[in-house]
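Worksheet for the structure shown next.
The values are calculated or read from the model by the stated rules, or taken from the named source; none is laboratory data. Because the structure is predicted, anything quoted here is derived from the model rather than measured. In this analysis, Cβ positions are derived from the backbone assuming ideal geometry, glycine residues included, and neighbour counts consider all displayed protein chains.
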Amino acid sequence: DAGVIQSPRHEVTEMGQEVTLRCKPISGHNSLFWYRQTMMRGLELLIYFNNNVPIDDSGMPEDRFSAKMPNASFSTLKIQPSEPRDSAVYFCASSLGTGSNQPQHFGDGTRLSIL
Amino acid sequence: SQQGEEDPQALSIQEGENATMNCSYKTSINNLQWYRQNSGRGLVHLILIRSNEREKHSGRLRVTLDTSKKSSSLLITASRAADTASYFCATDGGASGGSYIPTFGRGTSLIVHP
């Protein structure tokens, strides 16, 4: 079975550039989560979707961050303009629902470096 | 906001020894989950324990939950070098109505020396 697929795995870009991270959840999963992981702050939930609808985006740090889920098999996280402090590993996860008895399945992340 | 905190932050043991990690949280929960993260990879779900359960086993893993102390522990018995990873607990803060905003602790970094 294919797991959660994220692309790119690594991204290095200059400050001010637009960055787009992509995620393909596991087929049949109806909940999708975007996380950011840093040494300083640990794993932070940015936003999550249920049935393609954003449910809670209170973790999105600034208006420079936006996320979309145009269909059940694809989501993007966009940063525009990017800043050095956005450097982190970004994870996408999916699950069969938002119930807390549902395990989350994580992709292997996108390591983002903003110079 | 609700958050689990793992303890210790780092643990170094020899292969064959047992490893115990703890998770403390602040408010009541419905479920608590443990995850593992290998270096450079995403988190992998290990085990879920419900608030009305006190202990659960999965292979070499044993999880306990003490809701009166708001704490959980993960025991890995007869550890192997391949168990080297970071381990996280995730709590739901007692969320109801189908919503679940998971919060993860900072993790325990386990190193198992061969």
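Taking region B:31-79 and the strands (runs of 3 or more DSSP E) fully enclosed by it, the elements with 1 or more residues that are touching a Phe, Trp or Tyr at 6+ places or on another chain (Cβ under 9 Å) are at B:31-37, B:43-50, B:61-66, B:71-76.
Output the residues belonging to region A:49-65 that are farther than 16 Å from A:Leu96 by Cα and surrounded by 15 or more Cβ atoms within 10 Å (Cβ to Cβ). Answer for region A:49-65, where residues must be farther than 16 Å from A:Leu96 by Cα and surrounded by 15 or more Cβ atoms within 10 Å (Cβ to Cβ): A:Asp56, A:Asp57, A:Gly59, A:Met60, A:Arg64, A:Phe65. Among the residues of region B:1-30, those identified as within 14 Å of another protein chain (Cβ to nearest Cβ) and assigned to a loop (DSSP other than H, G, I, E, B) are B:Ser1, B:Gln2, B:Gln3, B:Gly4, B:Gln9, B:Tyr25, B:Thr27, B:Ser28, B:Ile29, B:Asn30. Looking only at region A:49-62, residues that are within 17 Å of A:Thr20 (Cα to Cα) and either of a type outside the set (D, E, K, R) or in contact with a Ser or Thr (Cβ under 7 Å, 6 or more places away or on another chain) (or both) come to 2 in all. Does A:Glu44 fit the bill of being more than 29 Å from B:Asn30 (Cβ to Cβ) and either surrounded by fewer than 13 Cβ atoms within 10 Å (Cβ to Cβ) or at pLDDT below 95 (or both)? Here the answer is no, as A:Glu44 does not meet what is asked.
For beta carbons closer than 8 Å, sequence separation of 6+ or different chains, a first residue in region A:79-103 that is at the interface with chain B (Cβ under 7 Å from one of its Cβ atoms) and under 18 Å from B:Thr103 (Cβ atoms) and a second that is part of a loop (DSSP other than H, G, I, E, B) and modelled with pLDDT of 95 or more, the qualifying pairs are A:Phe91/A:Gly107; A:Phe91/A:Gly109; A:Phe91/B:Gly42.
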